[in-house]
Each structure stands twice: as structure tokens, then as C-alpha cells.
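**Q** Below you'll find the structure I mean.
The values are calculated or read from the model by the stated rules, or taken from the named source; none is laboratory data. Keep in mind that this is a model prediction, so the values were computed, not measured. Cβ placement follows ideal geometry from the backbone for every residue including glycine, while neighbour counts extend to all protein chains displayed. Heads up: the accessible areas ignore ligands, DNA and RNA and are worked out on the full protein's heavy atoms, side chains in. Shrake-Rupley method; radii C 1.70, N 1.55, O 1.52, S 1.80 Å.
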Amino acid sequence: MKIVGLTGGIGSGKTLASDYFMKLGVAIIDTDVIARKIVEPGQPALAALEDKFGHEIIDANGALIREKLREIAFSSSKNKAALDAVTHPAIRTQTLLEISEAQGDYCIVVVPLLTMNSPFMDFMERVIAVTANKELKIQRVMKRNGLDRQQVLAIMDTQLTDEQREEFADDLIENNSSKELVYLRVDELHKKYLSLFG
């Protein structure tokens, strides 16, 4: 099973691209979905987070109070490192498990915050970066998430720029105009990967 990474900043259109790859029959493994899965009640990562950050991050039903965890974790770099030390290995383990169960010539692993030094890069054959004009991304996120401009810019400031992603990406999908153009590009890449990996 060959692995293609798919990354892009907030508002770039990763989901638009990955959903269309899925329509073409490609297995999609989304690390954002996995990140939510590993902290569900009964999961070892949730118990580890409770040990580290205390019972106040768990509600009466045994579920994670995300806002509370976010507040504590981002209050210091030490806390953020402690959060990452629990969640990152669990996300990688679950990702590798899902890759091993995937069918087809290749699968796509969506890693929104992929960087050149990420351990995920070790097992990827190719990387796709979804890019879009910055102003367009800001407008999309404001509309979709109900955030104001400053909030969106604050999130963007914590992420790589498109230019930084392009340095380690093998293929690009530009999402500056219509969905149809994104679909055309995905069709092209799908054909290319089938000939490379088939």
C-alpha cells in the first residue's frame, strides 16, 4: 500500500479534495478524525490526559471537555508538550493501523499540520499540498466557522504558509476558483498515482 500525504492550511480546501479522492474509490485516513477518536471515553489516551491534566477536563459522562483541555494545554509550552506527548504517538499508531487495513493501490493520509520534519513524512511516497489565496482562505473560514478576521489570522499564524508547504510537496492542488477545477486536478493526480503505484 502506497501512502500519499495530503496537507493544507485552514480554509484551503483539503476536505473538498479528499472527499473527491474518496468518490474515486481511494481510502482516506484523516488524522483530525483520528485525533478525536483517540480521546473518546474508554480510550487509553483519554485516561493518560486525565492523569496529566486532572479530572476537570472530563465531564459527568466521562467525555473530554475539549475547551477545558485546550485552555490548560495552551497556557504553557510545557503543558502543550505534555499534550503532544500523549496524543501524537496515539494518532500515529491508529493511523498506521488504518493504513494496514486500507484497500487499493494507494491511500491518502490527511495531515493538516504536516511539516517537513514530521514523523509522518517517513512513510509517505508523495505529498499533495492544497493551496489557496490567503484572502480567500480567510473569507471561507469566517463564513464556515463564524470566526472574525483576527481569530482566523491568529490560527493562520500558527500554521505553515503555502510557500513553506510547497517546499516539501510533490504535487499541488490550487483551490482559487471553482470546485470543478479542483476535481479536474484530483482526477489528474489519481490517474498519475495509479500509473505510479498500480
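**Q** Identify, from the list Glu98, Glu125, Glu67, the residue that is loosely packed, with under 14 Cβ neighbours inside 10 Å and among the acidic types (Asp, Glu). Show your work before the answer.
**A** Details: Glu98 fails: loosely packed, with under 14 Cβ neighbours inside 10 Å; Glu125 fails: loosely packed, with under 14 Cβ neighbours inside 10 Å.
Being loosely packed, with under 14 Cβ neighbours inside 10 Å and among the acidic types (Asp, Glu) holds for just one of Glu98, Glu125, Glu67, which is Glu67.
**Q** Would you be able to tell me the number of residues in segment 17-45 that are part of a helix (DSSP H, G or I) and either open to solvent by less than 60 Å² (accessible area, probe 1.4 Å) or among the aliphatic types (A, V, I, L, M) (or both)? So that I can check it myself, show each step before the final result.
**A** Let us first name the residues in segment 17-45 that are part of a helix (DSSP H, G or I), namely 17-23, 31-37, 44-45.
Next cut, either open to solvent by less than 60 Å² (accessible area, probe 1.4 Å) or among the aliphatic types (A, V, I, L, M) (or both) only: 17-18, 20-22, 31, 33-35, 45.
Total satisfying the criteria: 10.
**Q** Still on this structure, I have one more. Any chance you could count how many residues in segment 121-154 are within 23 Å of Thr93 (Cβ to Cβ) and part of a loop (DSSP other than H, G, I, E, B)?
**A** Restricting attention to segment 121-154, the residues satisfying the condition of being within 23 Å of Thr93 (Cβ to Cβ) are 121-127.
This time we only want the ones that are part of a loop (DSSP other than H, G, I, E, B), so: 124-125.
The total comes to 2.
**Q** Something else about it: Out of (1) closer than 21 Å to Met22 by Cα; (2) under 20 Å from the mean Cα position of the chain (by Cα), what's the single condition that is false for Glu163?
**A** Answer for Glu163: the failing condition is (1).
**Q** Tell me whether segment 108-120 contains one or more residues that are in a loop (DSSP other than H, G, I, E, B), of a type in the set (Ser, Thr, Tyr) and within 21 Å of the chain's Cα centre (by Cα).
**A** Quick first cut of segment 108-120, residues in a loop (DSSP other than H, G, I, E, B) only: 111-118.
Narrowing the set further to residues that are of a type in the set (Ser, Thr, Tyr) leaves 115, 118.
Retained after the next criterion (residues that are within 21 Å of the chain's Cα centre (by Cα)): 115, 118.
Yes; the residues of segment 108-120 include at least one that is in a loop (DSSP other than H, G, I, E, B), of a type in the set (Ser, Thr, Tyr) and within 21 Å of the chain's Cα centre (by Cα).
**Q** Does segment 46-57 hold any residues that are open to solvent by 30 Å² or more (accessible area, probe 1.4 Å) and either in contact with a helix residue (DSSP H, G or I) (Cβ under 7 Å, 6 or more places away or on another chain) or within 15 Å of Arg36 (Cβ to Cβ) (or both), and which are they?
**A** Our first condition is that a residue be open to solvent by 30 Å² or more (accessible area, probe 1.4 Å); within segment 46-57, this holds for 47-48, 50-52, 55-56.
Hits for segment 46-57 are Ala48, Glu50, Lys52, Glu56.
**Q** With Glu174, Glu166 as the choices, which residue is under 25 Å from Gly25 (Cβ atoms), at pLDDT 95 or above and touching a Ser or Thr at 6+ places or on another chain (Cβ under 8 Å)? Reasoning before the result, please.
**A** On the way: Glu166 fails: under 25 Å from Gly25 (Cβ atoms).
None of the others qualify; the one that does is Glu174.
**Q** Checking Ser177 against (1) closer than 19 Å to Ser18 by Cα; (2) without any contact (Cβ under 8 Å) to a residue 60 or more places away in the chain; (3) part of a helix (DSSP H, G or I); (4) polar (S, T, N, Q), only one condition comes out false. Which one?
**A** Condition not satisfied by Ser177: (3).
**Q** Got a sec? Which of Ile128, Ile155 is closer than 14 Å to Ser12 by Cβ, at pLDDT 95 or above and of a type outside the set (Gly, Ala, Ser)? Before you say what the answer is, go through the steps one by one.
**A** On the way: Ile155 fails: at pLDDT 95 or above.
Residue meeting the stated conditions: Ile128.
**Q** Further, regarding this structure: Would you please name the residue that is farthest from Pro112 (Cα to Cα), looking only at residues in segment 1-16 that are in a helix (DSSP H, G or I) and either open to solvent by 70 Å² or more (accessible area, probe 1.4 Å) or touching a Gly at 6+ places or on another chain (Cβ under 8 Å) (or both)? Break it down into steps so the answer makes sense when it comes.
**A** As a first pass, look at segment 1-16 and keep what is in a helix (DSSP H, G or I): 14-16.
Next cut, either open to solvent by 70 Å² or more (accessible area, probe 1.4 Å) or touching a Gly at 6+ places or on another chain (Cβ under 8 Å) (or both) only: 14-15.
Working: Lys14: 8, Thr15: 10 Å.
Selected residue: Thr15.
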